[in-house]
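The values are calculated or read from the model by the stated rules, or taken from the named source; none is laboratory data. For clarity, every value in this text was computed on a predicted model and none was experimentally measured. Glycine also receives a Cβ, built like all others from the backbone with ideal geometry; neighbour counts cover every protein chain displayed.
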Amino acid sequence: MESASRYIRQTSFPDFGPEGQARLQQAKVLIVGLGGLGVPVAQYLNAMGVGTLGLMDNDTIALHNLQRQVLYTENDIGKPKVSVAAQKLAAQNSNTRITTYANYLYPENALEIIKQYDLIVDATDNFGTRYLINDACVVLKKPFVYGALQGFEGQVAVFNYDDGPTYRCVFPDPPKAREIPNCNENGILGVLPGIIGTLQALEAVKVLSAKGQVLSGELLLFDGNTQQSRKIELEVNPKNKHITTLQPSYEIPACEIEVPVVNVTEFLQLSKDPRLQLIDVRNAEEFAVHAVPSAINIPLPQLVDKLSSIDFEVPVYFICQSGARSRSAVRIAQDFKPGAQVYSIEGGMTALPDPIKISV
């Protein structure tokens with residue numbers, strides 16, 4: 001449905017005009033994460049006329065999401081976020097071309113997906129994916145809009161834009177596990193993601209339309225408690241501008257719902273059960289270097305498509321290099337087969353005494 005009046009409030013704005021609107025309509029934006037940040041980003045970019053939107057998330061809608069992810073309703077609980085979001089965004093603006101990715105971003109798929117877009121919006125809630133987005137954008141020379149939340153506070157910046165700093169210029173190294181806040185304990189006010197996500201959408205519009213002053217070289221800090229904001233100037237570290245390849249893994253402990261785990265000692269005892277199934281969710285290259293002999297390799301990005309090949313009538317154990325991907329695998333399996341006996345091996349291959357000698 002095309003109408004000259006649809007975007008008239010934007011095209012009649014002197015600092016935006018028909019030129020800015022035309023650039024939006026030609027643009028392609030990938031939104032990674034359709035939670036509290038991704039929802040307002042998607043809604044506003046869609047409403048304002050961005051031509052192509054890529055939506056990436058492998059999560060399903062839960063009751064506790066509704067407090068801040070206002071695109072979804074009670075009738076959507078249990079459904080995939082990407083499919084629900086795509087349907088509702090299409091109803092909002094039928095002119096938008098929408099592509100969905102019902103999986104997570106990994107080193108195996110990041111470059112292939114990101115290269116198709118002009119701008120990436122990081123609407124994730126974990127550090128590993130954020131570093132992956134950064135590195136992929138540096139490799140492909142793509143800008144990305146960053147947003148983050150903690151308690152009453154939020155952060156927004158545009159990285160890798162017009163020779164500006166990258167995310168690693170500000171945060172060179174991932175935090176240690178003990179330094180990562182537990183969002184299940186600390187929580188978040190429902191309105192704050194809407195504020196920060198809307199600011200991310202604004203920065204995306206400025207980048208795409210070449211209008212306004214882009215938040216590059218600065219980090220915006222918003223304090224919802226005092227309604228104050230301030231900016232910190234950022235410096236470029238040249239070494240962070242020359243990433244040419246992705247790391248094999250970006251595993252960093254994330255703020256996530258507890259999943260059933262077993263430690264290595266428990267696993268070695270359980271491994272004597274001939275019914276036990278061990279699924280290695282690392283990529284094929286990692287699996288080829290060293291693996292438990294009887295393990296079945298199903299890389300995490302392929303797991304959703306291959307769940308039907310797993311026998312959930314008996315215990316299933318997932319293993320990766322250090323435990324992060326196997327926890328994700330457990331959550332995916334739990335969604336597919338509620339009540340199944342599925343476990344993550346704590347510490348993964350790194351914790352095993354000698355994987356080559358272990359027979360399961």
Subject >> Residues of region 331-354 that turn out to be surrounded by fewer than 20 Cβ atoms within 10 Å (Cβ to Cβ) and β-branched (Val, Ile, Thr), as a count >> reply: 1
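Kindly state which helices (runs of 4 or more DSSP H) lie completely within region 1-60 and contain at least 3 residues that are in the same structural domain as Gln87 (by TED's automatic domain parsing) and either crowded, with 24+ Cβ neighbours inside 10 Å or within 19 Å of the chain's Cα centre (by Cα) (or both). Please lay out each step first, then the result.
Numbers: elements: 8-11, 17-26, 38-48.
Those helices (runs of 4 or more DSSP H) span 38-48.
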Original post:
Which one of Gln200, Gln228, Gln213 is assigned by TED's automatic domain parsing to the domain that holds Val138, farther than 19 Å from Phe144 by Cβ and of a type outside the set (Lys, Arg)?
Top reply: Gln228
Subject >> Selection count, region 149-173, where residues are surrounded by fewer than 23 Cβ atoms within 10 Å (Cβ to Cβ) and touching a Ser or Thr at 6+ places or on another chain (Cβ under 9 Å) >> reply: 5
Original post:
Which one of the conditions (1) modelled with pLDDT of 95 or more; (2) part of a loop (DSSP other than H, G, I, E, B); (3) aliphatic (A, V, I, L, M) does Leu105 fail to meet, given that it meets all the rest?
Top reply: (1)
Original post:
When you go through (1) under 21 Å from Gln116 (Cβ atoms); (2) in contact with a Pro (Cβ under 6 Å, 6 or more places away or on another chain) one by one for Gly33, which number turns out not to apply?
Top reply: (2)
Original post:
Under the condition of being basic (Lys, Arg) and in contact (Cβ under 8 Å) with a residue 40 or more places away in the chain, which residue from region 1-38 is farthest from Leu189 (Cα to Cα)?
Top reply: Arg23
Subject >> Any chance Gln334 is under 30 Å from Glu112 (Cα atoms), touching a Ser or Thr at 6+ places or on another chain (Cβ under 8 Å) and touching a residue at least 40 places away in the same chain (Cβ under 8 Å) >> reply: no
Subject >> Candidate set from region 304-329 (those that are over 13 Å from Gln277 (Cβ atoms) and not small (Gly, Ala, Ser)); member that is surrounded by the most Cβ atoms within 10 Å (Cβ to Cβ) >> reply: Arg325
Original post:
Can you pull out the residues in region 61-75 that are part of a helix (DSSP H, G or I) and either among the hydrophobic types (A, V, I, L, M, F, W, C) or touching a strand residue (DSSP E or B) at 6+ places or on another chain (Cβ under 9 Å) (or both)?
Top reply: Leu63
Original post:
Given the conditions (1) under 22 Å from Asn126 (Cα atoms); (2) assigned to a helix (DSSP H, G or I); (3) at pLDDT 90 or above, and given that Ile243 satisfies all but one, which numbered condition is not satisfied?
Top reply: (2)
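Condition check: more than 22 Å from Tyr117 (Cα to Cα), surrounded by 20 or more Cβ atoms within 10 Å (Cβ to Cβ) and not assigned by TED's automatic domain parsing to the domain that holds Leu300. Does Asp76 satisfy that?
Working: more than 22 Å from Tyr117 (Cα to Cα): yes; surrounded by 20 or more Cβ atoms within 10 Å (Cβ to Cβ): yes; not assigned by TED's automatic domain parsing to the domain that holds Leu300: yes.
Considered against the rule, which asks whether it is more than 22 Å from Tyr117 (Cα to Cα), surrounded by 20 or more Cβ atoms within 10 Å (Cβ to Cβ) and not assigned by TED's automatic domain parsing to the domain that holds Leu300, Asp76 comes out as yes.
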**OP:** Working only within region 261-272, note down all residues that are out of contact with any helix residue (DSSP H, G or I) (no Cβ under 8 Å at 6 or more places or on another chain) and either modelled with pLDDT of 75 or more or surrounded by 11 or more Cβ atoms within 10 Å (Cβ to Cβ) (or both).
**Re:** Thr265, Glu266, Phe267, Leu268, Gln269, Leu270, Ser271
**OP:** Please tell me if Thr60 is in contact with a Pro (Cβ under 7 Å, 6 or more places away or on another chain), closer than 21 Å to Leu30 by Cα, touching a residue at least 40 places away in the same chain (Cβ under 8 Å) and not aromatic (Phe, Trp, Tyr).
**Re:** yes
